[in-house]
Amino acid sequence: MSDRKLRWGLLSTARINRALIPPLRMSPRNELVAVASRTQEKADAYAREWQIPKAYGSYEALLADPDIDVVYVPLPNSMHEHWTIEAAKAGKHVLCEKPLAISVAEVDAIRAVAEQAGVVVTEAFMYRHHPQTLKVKELVDAGAIGQVRLVRGSFSFNLTREGDVRLDPLLGGGSLWDVGCYPVSYARFVLGKEPVEVFGRKVVGRSGVDETFTGNLRFPDNVHAQIDCSFRATFRTHVEIVGSEGAISIPHPFKPGLEEQIFITRGDDSERIAIQGQELYLGEVEDMADAVLLGRPPRISLADSRANVAALVALLESAERRQPVPIA
């Protein structure tokens with residue numbers, strides 16, 4: 001199967017599609033063949049704009065197309081479980097935008113259907129496939145900064161668009177689900193461990209979602225992660241990994257580019273490491289091809305996604321209860 005192309009369909013005309021379309025077109029093992037919207041008129045217009053061969057006026061119609069191998073789900077968070085499961089039941093492999101779901105039970109339901117259908121389902125954390133992220137993990141695992149004691153991660157921006165789905169609590173909105181999931185995922189990845197207890201605080205906006213969130217995650221051996229995220233603060237992204245012998249600073253951890261650099265400090269000494277990157281969303285496209293065509297496990301497993309969702313749910317529960325929450 002390694003010599004054939006995977007045929008992709010987009011389940012909606014969401015804005016994030018424009019990030020995935022270029023890598024699908026540059027990949028020799030993938031091709032974009034269809035898009036679906038809630039009306040035929042909107043689907044047709046989108047297909048003309050982006051030169052997509054097929055357009056469907058419903059999500060169900062796209063899923064019924066036997067010529068589509070992979071479905072991309074960029075819908076609002078609260079819809080991820082339903083349409084990922086529907087796609088899997090239709091025999092489609094699925095790349096679902098982060099977060100994969102908004103409860104652990106939903107992730108378990110997705111996993112059960114994916115295993116029964118024999119399809120690949122993976123979460124679209126694009127940064128996890130980038131050479132910079134893999135280099136940071138390599139450095140941490142090699143002991144470049146000694147024993148890790150603390151991970152600090154931030155992701156904020158000013159969300160000014162009125163009526164944005166990310167401000168709707170019924171659609172799984174909120175800053176933690178939207179951007180706070182990145183530093184939580186990053187900390188878990190570089191540490192290679194899962195948090196055992198979390199504590200969170202939130203600032204709730206008029207719509208009812210957390211517009212700012214701060215959290216502490218305690219990992220085994222008293223390693224900690226501190227995260228913050230916001231829809232009401234200036235754009236900033238940063239990760240710092242602090243160890244017993246040094247620290248790694250990553251200026252662009254979640255949306256790294258074609259040429260990046262990270263910094264290691266040890267006392268008064270600072271080392272700059274240049275990293276040759278790649279198109280940001282290409283990694284998740286090629287990872288799907290590796291999984292489907294070559295039978296390799298996807299880089300982000302459903303167990304990995306489940307653990308990230310569990311941490312996010314616990315943080316939200318902690319903020320609501322105003323006390324630490326253990327994670328089993």
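The values are calculated or read from the model by the stated rules, or taken from the named source; none is laboratory data. Just so we're clear, the structure is a prediction, and the values are computed from it rather than from any experiment. Here the Cβ is made from the backbone with ideal geometry for all residues, glycine too, and neighbour counts use every protein chain on show.
So which residues in the range 183-225 are within 25 Å of L171 (Cβ to Cβ), of a type in the set (D, E, K, R) and either without any contact (Cβ under 8 Å) to a residue 60 or more places away in the chain or not assigned by TED's automatic domain parsing to the domain that holds G153 (or both)?
R206, E211
From R321, R306, R296, R266, grab the single residue that is exposed (fewer than 12 other Cβ atoms within 10 Å of the Cβ) and either free of Cβ contacts under 8 Å to residues at least 24 places away in the same chain or within 24 Å of D221 (Cα to Cα) (or both).
Every option except R321 fails the conditions.
Residues are listed down the side, and each one gets a yes or a no for (1) crowded, with 20+ Cβ neighbours inside 10 Å; (2) assigned to a strand (DSSP E or B); (3) without any contact (Cβ under 8 Å) to a residue 60 or more places away in the chain:
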site: L32; (1), (2), (3): yes, yes, yes
site: K42; (1), (2), (3): no, no, yes
site: Y46; (1), (2), (3): no, no, yes
site: A55; (1), (2), (3): yes, yes, yes
site: E60; (1), (2), (3): no, no, yes
site: D67; (1), (2), (3): no, no, no
site: Y72; (1), (2), (3): yes, yes, no
site: A87; (1), (2), (3): yes, no, no
site: L95; (1), (2), (3): yes, yes, no
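Applying the selection to the range 183-210, what residues are surrounded by 24 or more Cβ atoms within 10 Å (Cβ to Cβ) and either at pLDDT below 95 or not aliphatic (A, V, I, L, M) (or both)?
Listed by number, the residues that qualify are P183, S185, Y186, P195, G200, D210.
Would you pick out the residues in the range 134-189 that are in contact with a strand residue (DSSP E or B) (Cβ under 6 Å, 6 or more places away or on another chain) and of a type in the set (F, W, Y)?
F155, F157, Y182, Y186
Would you please name the residue that is surrounded by the most Cβ atoms within 10 Å (Cβ to Cβ), looking only at residues in the range 220-261 that are among the hydroxyl-bearing types (S, T, Y) and within 22 Å of the chain's Cα centre (by Cα)?
Restricting to residues being among the hydroxyl-bearing types (S, T, Y) and within 22 Å of the chain's Cα centre (by Cα), the top hit is S230.
If a residue has to be small (G, A, S), closer than 21 Å to G192 by Cβ and in a helix (DSSP H, G or I) to count, how many in the range 292-328 make the cut?
Number of matching residues: 6.
One residue is enough: does the range 213-221 have a residue meeting the conditions within 28 Å of T160 (Cα to Cα) and in contact with a helix residue (DSSP H, G or I) (Cβ under 8 Å, 6 or more places away or on another chain)?
Taking every residue of the range 213-221 in turn, at least one turns out to be within 28 Å of T160 (Cα to Cα) and in contact with a helix residue (DSSP H, G or I) (Cβ under 8 Å, 6 or more places away or on another chain).
Take the range 298-320 and flag every residue that is over 17 Å from the mean Cα position of the chain (by Cα) and either of a type outside the set (S, T, Y) or in the same structural domain as H93 (by TED's automatic domain parsing) (or both). Steps first, answer last, please.
First, pick out the residues of the range 298-320 that are over 17 Å from the mean Cα position of the chain (by Cα): 314-320.
Correct list: A314, L315, L316, E317, A319, E320.
Name the pairs: first residue in the range 102-121 and closer than 26 Å to L6 by Cα and touching a residue at least 24 places away in the same chain (Cβ under 8 Å), second residue of a type in the set (K, R) and in a helix (DSSP H, G or I), Cβ to Cβ under 6 Å, at least 6 apart or on different chains?
V107/R306
Only one of V223, V325, V242, V313 is at negative phi and touching a Leu at 6+ places or on another chain (Cβ under 6 Å). Can you tell me which?
Values: V223 fails: touching a Leu at 6+ places or on another chain (Cβ under 6 Å); V325 fails: touching a Leu at 6+ places or on another chain (Cβ under 6 Å); V313 fails: touching a Leu at 6+ places or on another chain (Cβ under 6 Å).
Being at negative phi and touching a Leu at 6+ places or on another chain (Cβ under 6 Å) holds for just one of V223, V325, V242, V313, which is V242.
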